[in-house]
Amino acid sequence: MTERLYLLNYAGGGRVTPFIMNCAVILLLISRCFTWSSALYTPERAASKKLKYLLEPPVSADVTGQRGDNVTLPCILRTKPSHYKVKWTKIEPEKVGPENIIMISNAHAFKPYGHLGQRASLRKAHAMDASLHLSRLELEDEGTYRCELVNGIEDESVTITLRIEGVVFPYQSKDGRYRFNYQEAKEACAAQDGTLATYNQLYRAWTEGLDWCNAGWLHDGTVHYPIIHPRPVCGGELPSGIRSYGPKDKNNDRFDAFCFTSQTSGSVFYIAGAFSFEQAGHTCKNQGAEMALIGQLYAAWHFHNFDQCDAGWLKDGSVRFPISNPRERCGGIPEAGVRSFGFPDKNTHVYGVYCYSKKTTTDEPVL
């Protein structure tokens, strides 16, 4: 099976009586006007015009970083009430239970909460600065954050979106197609240096060219697959887009997984040879490294254009190779991507090996 990247390509009866047609046109116009008005005037936008104590994030409310980065989410006070607190929260609509508070602070001190709180602090560049500083970004940190000024009946807030730069890759069990329930898919991604992708991450991957015909779990428990070139075996005449199966039974339904990974420290490198799977593991170990994970190989390909026209073992028992400069003798496919040979027999098949070292060198593609 080959994992491909394509250029984005968007696609876009009976007799009706005049009376019905006129009603339909009127309803359509009303619907369009309502949609247009809703886009311009939402409760959140209306509320933003009335902010008394907080400034709307200037220019953009989006912040982007890579795994391991330190970032700052802006929140600036316009003026201070006599008594107030600032509460930072990560908004997670699918989460059941208490909200995910990161920290609560006032003019003198702050109290961190939970896993995110241990990596969070207030920037305090000046007296009116309530911006949140997050260190050592993790894959799960992507999402929407709320900065809320708590002041009795005059509470108000702004939201900021944090995006982790990375790459989505489809992942299938060595036992074949559609073998993971939700928890197994989550564990499979974690084992390959990733996490289950969010819908937004899958959508971005689709706009960048991801075309994949097998349905996979996402972080919120829904199942989707991205199609750029419609074909009979992938939804037939439906237009290109993200095909959705909706929410599925996390315990009993089984699909593949869409995983997300980002840049990490260390390096991936290839060792040529004719190794069985076991021999490949020893070869990496002799170099002070270990066999690379799928996420590590994808990160090297995505962030550093790792290009190696040689099939090699990976730690999960699959055989793949990354191509950033497509050419006829490297799979014969005109698009860049990570090519897959599936899961060959570990004893009878021999290949080179892709290794991962936590120490970077000038001779190796750095992750």
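Tell me, yes or no, whether segment 234-255 has at least one residue that is among the aliphatic types (A, V, I, L, M), in a helix (DSSP H, G or I) and open to solvent by 10 Å² or more (accessible area, probe 1.4 Å).
If we filter segment 234-255 for residues that are among the aliphatic types (A, V, I, L, M), which is where we start, we get 238, 242.
Next, only the ones that are in a helix (DSSP H, G or I) stay: none.
Within segment 234-255 (the criterion being among the aliphatic types (A, V, I, L, M), in a helix (DSSP H, G or I) and open to solvent by 10 Å² or more (accessible area, probe 1.4 Å)), the answer is no, since none of the residues qualifies.
Report yes if some residue within segment 260-276 is closer than 21 Å to Gln183 by Cβ, part of a strand (DSSP E or B) and not charged (D, E, K, R); otherwise report no.
Narrowing segment 260-276 to residues closer than 21 Å to Gln183 by Cβ: 260-261.
Imposing the further condition that a residue be part of a strand (DSSP E or B) reduces the set to 260-261.
Now narrow it down to the ones that are not charged (D, E, K, R): 260-261.
Within segment 260-276, one or more residues are closer than 21 Å to Gln183 by Cβ, part of a strand (DSSP E or B) and not charged (D, E, K, R).
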Criterion (open to solvent by 10 Å² or more (accessible area, probe 1.4 Å) and modelled with pLDDT of 95 or more) met by exactly one of Ser157, Ser173: Ser173
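Would you pick out the residues in segment 286-305 that are among the aliphatic types (A, V, I, L, M) and either open to solvent by 10 Å² or more (accessible area, probe 1.4 Å) or not in a loop (DSSP other than H, G, I, E, B) (or both)?
So the first thing to find is which residues in segment 286-305 are among the aliphatic types (A, V, I, L, M), and the list is 289, 291-294, 297, 299-300.
Within segment 286-305, Ala289, Met291, Leu293, Ile294, Leu297, Ala299, Ala300 meet the criteria.
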Segment 60-119, residues that are closer than 18 Å to Asn151 by Cα, open to solvent by 60 Å² or more (accessible area, probe 1.4 Å) and in a strand (DSSP E or B): Lys85, Phe110, Lys111
Among the candidates His219, His224, residue that is open to solvent by less than 50 Å² (accessible area, probe 1.4 Å) and either modelled with pLDDT of 95 or more or under 19 Å from the mean Cα position of the chain (by Cα) (or both): His224
Counted residues, segment 162-179 - those being assigned to a strand (DSSP E or B) and closer than 14 Å to Tyr225 by Cβ: 4
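Per-residue answers, yes or no, for (1) modelled with pLDDT under 95; (2) buried (at least 16 other Cβ atoms within 10 Å of the Cβ); (3) in contact with a His (Cβ under 6 Å, 6 or more places away or on another chain):
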{"residue": "Trp313", "(1), (2), (3)": "no, yes, no"}
{"residue": "Ser318", "(1), (2), (3)": "no, yes, no"}
{"residue": "Gly337", "(1), (2), (3)": "yes, yes, no"}
{"residue": "Gly342", "(1), (2), (3)": "no, no, no"}
{"residue": "His349", "(1), (2), (3)": "no, yes, no"}
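The values are calculated or read from the model by the stated rules, or taken from the named source; none is laboratory data. Since we're looking at a predicted model, the values are computed, not measured. Virtual Cβ from ideal backbone geometry, glycine too; neighbours counted across all protein chains shown. Keep in mind that these areas ignore ligands, DNA and RNA; they rest on the heavy atoms of the full protein, side chains included. Shrake-Rupley method; radii C 1.70, N 1.55, O 1.52, S 1.80 Å.
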